[in-house]
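Heads up, the thing below is written out as structure tokens.
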Amino acid sequence: MRDLQTVDLSARVGALTFKNPIMPASGTFSEDLADVFDLDVLGAHVLKTIMHGTRTGNPTPRVCDMQAGMINAIGIPSKGIDYFRDEMLPYWAAFNAPLVVSISAHSVDEFAQLCSEVSLPGVTAIEANISCPNIEADGNAFAMRPDTTHEVVTRLRAATDLPLWAKLTPNTGEPVEVARAAQDAGADALVVANTMLGMSIDIDTRRPRLGNVMGGMSGPAVKPIALRMTYQCARACDIPVIGCGGISTLEDVLEFLIAGASAVQVGTATFQSPTVMARLITELEDWMTSRGLISLDQIINTLEAPNAGVFK
Amino acid sequence: MNHIPTTVSVPVPQGLRPRCAEATCFVRSNTPVNGEYRLLTLDAPEAILDCQPGQFFQLLCPQPDGEHPFLRRPMSIYGYDKAEGRLEFLYKVTGAGTRGLATLRAGDAFNVLGPLGQGFSMQDDWQNLMLVARGVGLATLAPLARMAREKGRKLTAICSARSPELTMSVDLFESYGAEVIIVHDKDGSSTPEALRPLIEARIAKGDVDAFYTCGSSRLLRLLQDLGETHGIPGEIAMEQQMACGLGMCQACVRSFRVGGRVIQRRVCREGPVFPISEAM
Ligand SMILES: Cc1cc2nc3c(=O)[nH]c(=O)nc-3n(C[C@H](O)[C@H](O)[C@H](O)COP(=O)(O)OP(=O)(O)OC[C@H]3O[C@@H](n4cnc5c(N)ncnc54)[C@H](O)[C@@H]3O)c2cc1C
Ligand SMILES: Cc1cc2nc3c(=O)[nH]c(=O)nc-3n(C[C@H](O)[C@H](O)[C@H](O)COP(=O)(O)O)c2cc1C
Ligand code: FES
């Protein structure tokens, strides 16, 4: 038995409360992980982005190594909305952990239609992947610019009553403006961020290492970028920020929380160690206990000297 | 043993044993087999030793000097023994990850994830088995030899290599009572044209109920053709670049021809073993 001051790991993201702040990042998680640990220990379940129709995804090789990370050009292989509704939703709805469904589309109309179609009982929130660099030519995505972000999020907002999260891209030069545009258009939270566009070449064959030539970088190497953007967005916006990018240790989780994230998503780290999310939850609880902390509020947005820098 | 291997402990769903686990093993030995290959023998915890031939592990490779392999590397199970707590991999040094593996020394701790994927099946009416493999594919097919003996099946192993001294696993196949036929590039005995009559002669004698093969697309086409002509089923172990190895990321897909359609399957999850007739 602990004393009166039990650690409360629950994380609030707008109107939602999760039992802890650790959730998977879209595209790095599936029912297959249930072979390794009990998925109900997670704060929430975030599924691979789905699109409306069926799609095969990019040519192989779809992944390659880089120093302290990886590059992927999976694309969005999708079995479509019907498969999601009939096959996937019943499986995920049976868990206690809330379900977050990630969606994407090539056009605003298609996006809005899909958003309304996935707003089904059993779905807790919708994550709009407006940032996936693999979909549109040369990595252009809605979240590259404030105006396209505002347009698509406005339409998505009108299409659903569920909490709506906008997943941003680190490839934009205007992260703060894009974050504000998403907030102004009615997003309930920001997921910061998706992968950073990159490339790798095999010098012996002089061929790109990825079938799609370019791909998204993830893993520890991109953590400082995602952390910086989390800090920027949390300062610029009133809606909650969910940090994502390179998180693999307890220290990483704490950095994002201190920078202003209300919760975090873990992606690539699960490929190196499939049990990492379960471990992070235990480690966070132990760390808080050892510091005498009882609530995440004592960690979130507690950066010292937050205004010292010259960059906005 | 000085070291007690441990598995990473995480909550497990009630009444459900994890099918695979992340585990710390300890290196028993890591020795060159011939010019190109090395054999890594590990002390492994029992929890990860319910293996099937054809399954694989995802290895977290050490970082060799100046190189930084990040993703785990898939490696077929070469040998395993639950009673003895032993797990073996036969690997070819080709890049950063496998160069990292080559740095492992006896006593080193080493993190593995597995066993993963679907292994070979050996259906009841497959009494006479023919295995045709080349290069490192022989590592993948080697555990079939023990399985064949345990099930009392007759196995013929056609081992192909660039030159006779580079053929692998011959002793292992023979120790399990398999008949071994060595073919190689030097004398041209390894070409599909040379192999076809050799295999057809066996088929004519009623000596082949099923084929097993791996990797090489020339061997696959030959066996697909022979299989179709003579109505002989078979299985192939395939490779693809992987990230998660568990089925989550969709990195490892390949195309298969199933019922007149081309579909994609994950090598790590639906495979790495597939019906020869469906492989492309
Ligand atoms: C299911 C499975 C079982 C395997 N079993 C064995 C085995 O028993 N013994 C063995 O020596 N090798 C095996 N391989 C291949 C082995 O995974 C690769 O050789 C290894 O990942 C190369 O890593 P590296 O860092 O040394 O080389 P890298 O520098 O990453 O690559 C060197 C070369 O290997 C190719 N390669 C890289 N990763 C893979 C991969 N996942 N599959 C196929 N080719 C790859 C690259 O395209 C490149 O041409 C297997 C692969 C799979 C998918
Ligand atoms: C293999 C792979 C597939 C991904 N697929 C998606 C996806 O479908 N939708 C999405 O929004 N993000 C996707 N991502 C991005 C991750 O969700 C995450 O934003 C990014 O990888 C950074 O986090 P990490 O460093 O913890 O992986 C993918 C990432 C990887 C590595
Ligand atoms: S390697 Fe991730 S799905 Fe196969």
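Here are the numbers for the structure shown:
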quantity	calculated
Partner chain coverage, peptide A:61-70 - average Cβ within 10 angstrom	6
Lys, Arg +1 and Asp, Glu -1 on Cβ, resulting dipole of chain A about Cα centre, debye, nearest 20	540 debye
Listed residues A:VAL152, A:ILE239, A:PRO21: farthest to the positive end of the dipole of chain A (Cβ charges)	A:VAL152
Estimated 222 nm signal from helices in chain B, with DSSP H stretches of n ≥ 4 weighted -39500 (n - 2.57), rounded to 500	-6000 deg cm²/dmol
Filter on A:LYS223/B:LYS92; B:LYS82/B:LYS151; A:LYS19/A:LYS79; B:LYS151/B:LYS186 - keep pairs with C-alpha separation over 25 Å	A:LYS223/B:LYS92; A:LYS19/A:LYS79; B:LYS151/B:LYS186
Signed unit charges on C-beta, dipole axis of chain A, positive-most listed residue A:ASN140, A:GLY43, A:ALA305	A:ASN140
Length-normalised contact order for chain A - Cα pairs under 8 Å, 6+ apart - percent	20 percent
Computed lengthening from A:SER200 to A:THR17, 0.36 nm per intervening residue step minus Cα-Cα distance	61.8 nm
Relative packing of peptides B:147-153, A:36-42, B:246-252 - highest average C-beta neighbours within 10 Å first	B:246-252, A:36-42, B:147-153
Shielding score for B:236-245, defined as the mean number of other chain Cβ atoms within 10 Å	4
The protein assembly as shown: translational diffusion in µm²/s, Stokes-Einstein, Kirkwood Rh over Cα pairs, 10 °C, 1.306 mPa s	62 µm²/s
Peptide B:65-74 - average C-beta neighbours from other chains (10 Å radius)	4
5 angstrom amide H check on B:SER29, placed H, neighbours 5+ away	B:THR41
Positive-end residue, chain B charge dipole about Cα centroid, Cβ charges, pick of B:LEU71, B:LEU198, B:ILE158	B:LEU71
Nearest-0.05 FRET efficiency for A:ASP40 and A:ARG291, computed from C-beta distance (R0 30 Å)	0.65
Computed magnitude of the charge dipole of the protein assembly as shown (debye, nearest 20; Cβ of K, R +1, Cβ of D, E -1)	840 debye
Cα gyration tensor shape for chain B, rounded if a/c is under 1.5, else prolate or oblate	prolate
Cα centroid separation, the range B:163-198 to the range A:37-87 (Å)	42 Å
Calculated log₁₀ intensity ratio I(q)/I(0) where the Debye formula runs over C-alpha points of the range A:4-154, q = 0.17 Å⁻¹	-1.12
Sequence of A:SER273, A:SER10, A:SER262 once ranked by neighbouring C-beta atoms within 10 Å, starting from the fewest	A:SER10, A:SER273, A:SER262
Chain A: C-alpha gyration tensor shape, a/c 1.5 cut-off, then a/b vs b/c	rounded
Rounded if a/c under 1.5, otherwise prolate or oblate - the range A:1-52, Cα gyration tensor axes	oblate
Assigned charges on the beta-carbon of Lys, Arg, Asp, Glu; the range B:225-280 dipole about Cα centre (debye)	300 debye
The protein assembly as shown: antiparallel DSSP beta bridges as a percent of all, rounded to 5	55 percent
Fewest-first ranking of B:HIS184, B:HIS68, using other Cβ atoms within 10 Å as the exposure measure	B:HIS68, B:HIS184
Least to most buried among B:TYR212, B:TYR176, B:TYR80, A:TYR91 (fewest other Cβ within 10 Å first)	A:TYR91, B:TYR176, B:TYR80, B:TYR212
Sum of -39500 (n - 2.57) over DSSP H runs of 4+, divided by residues of chain A (222 nm, nearest 500)	-8000 deg cm²/dmol
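Every number here is computed from the coordinates shown, using simple stated rules; none is lab data. Remember, predicted model here, so these are calculated numbers, not experimental data. Ideal geometry is used to build each Cβ from the backbone, glycine not excepted, and the neighbour counts take in all protein chains shown.
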